[in-house]
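Worksheet for the structure shown next.
Quick note: the coordinates plus some simple rules give every number you see, no bench work behind them. Keep in mind that this is a model prediction, so the values were computed, not measured. Reconstructed Cβ throughout: ideal geometry from the backbone, glycine too, with neighbour counts over all protein chains shown.
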Amino acid sequence: MTFQVGDKVIYPNHGLGIVTRIEEKTILGTTCGFYHLRIVANETTVLVPVSNVDGVGLRRAISDEEVDRLFGLLGDGKIDNHQNWKGRFKDNSDKMRSGSIYDVADVLKSLTFLAKSKSLSFREKRMLDRAKFLIISEVSEVMRETAPSIESRVDRALERCFTTKAARAAAPVAVASVAARKVTAKAAAPRAQAASAAPRRAVRA
């Protein structure tokens with residue numbers, strides 16, 4: 001993937017950047033091209049080798065259509081919830097480094113859901129804050145809306161996600177309860193029929 005000066009790009013774990021310059025440098029006798037990126041969040045400059053764009057996960061900002069897909073993913077009720085801390089942290093770290101905003105959305109969902117039931121470690125809390133920042137900053141730039149406005153949309157999508165997950169979890173329990181009542185009623189029916197069919201003794205005066 002190649003970029004031009006002025007392109008808005010996403011640098012994993014750094015957020016939105018703008019290509020300000022493309023130049024060649026000779027290092028240890030080898031000449032290669034570099035993208036100069038101005039990271040919008042903190043106004044720092046990062047140099048990325050042109051040959052290593054795919055390796056670091058540099059990509060263009062998402063389109064308007066992809067924003068709709070993103071919010072659909074945030075609210076779909078599907079949450080990865082590893083019980084093992086080390087496994088969870090490794091998977092989430094890999095997703096944060098991938099450069100995919102959809103992977104970052106998975107991290108945001110799982111850690112936000114987990115934070116509802118327990119206190120996150122410092123590292124996971126920092127990762128959660130980073131995931132939310134990366135999504136809000138990119139979407140607000142794409143949609144040309146303020147960060148608080150996008151944050152409200154993200155929060156509503158997450159609440160929809162948790163509500164959907166809870167409804168899905170409750171559905172099998174409700175079905176099992178109805179089935180149990182049917183079995184009980186079916187078992188009781190023959191006894192009721194037998195009781196009604198039994199001859200009654202005549203009462204003598």
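Worth pointing out:
- Taking trypsin sites (Lys or Arg not before Pro) across the stretch 1-99, the ones in a DSSP loop with at most 14 further Cβ atoms lying within 10 angstrom of their Cβ are K78.
- The stretch 64-161 - percent relative contact order, Cα under 8 Å, separation 6 or more: 40 percent
- Inter-part distance where the stretch 105-159 and the stretch 1-27 are each reduced to a Cα centre, Å: 25 Å
- You can think of it this way: the chain between F162 and R69 has 31.7 nm of extra reach, that is 0.36 nm per residue less the Cα-Cα gap.
- FRET efficiency for I22 and K90, using Cβ-Cβ distance with R0 set to 41 Å, rounded to 0.05: 0.70
- Estimated from the Cβ-Cβ distance and a Förster radius of 22 angstrom, the FRET efficiency linking A41 and R97 is about 0.80.
- Each residue in F89, F34 was given a count of other beta-carbon atoms within 10 angstrom of its own, and listing them fewest first yields F89, F34.
- Ranked for footprinting exposure by Cβ neighbours inside 10 Å, fewest first, S110, S100 give S100, S110.
- Residue pairs exceeding 28 angstrom between C-alpha atoms, taken from K25/K95; K90/K132; K8/K118; K25/K90: K25/K95; K8/K118; K25/K90.
- Counted residue by residue at 0.36 nm each, then reduced by the alpha carbon distance between them, the extension gain from K118 to T30 reaches 26.5 nm.
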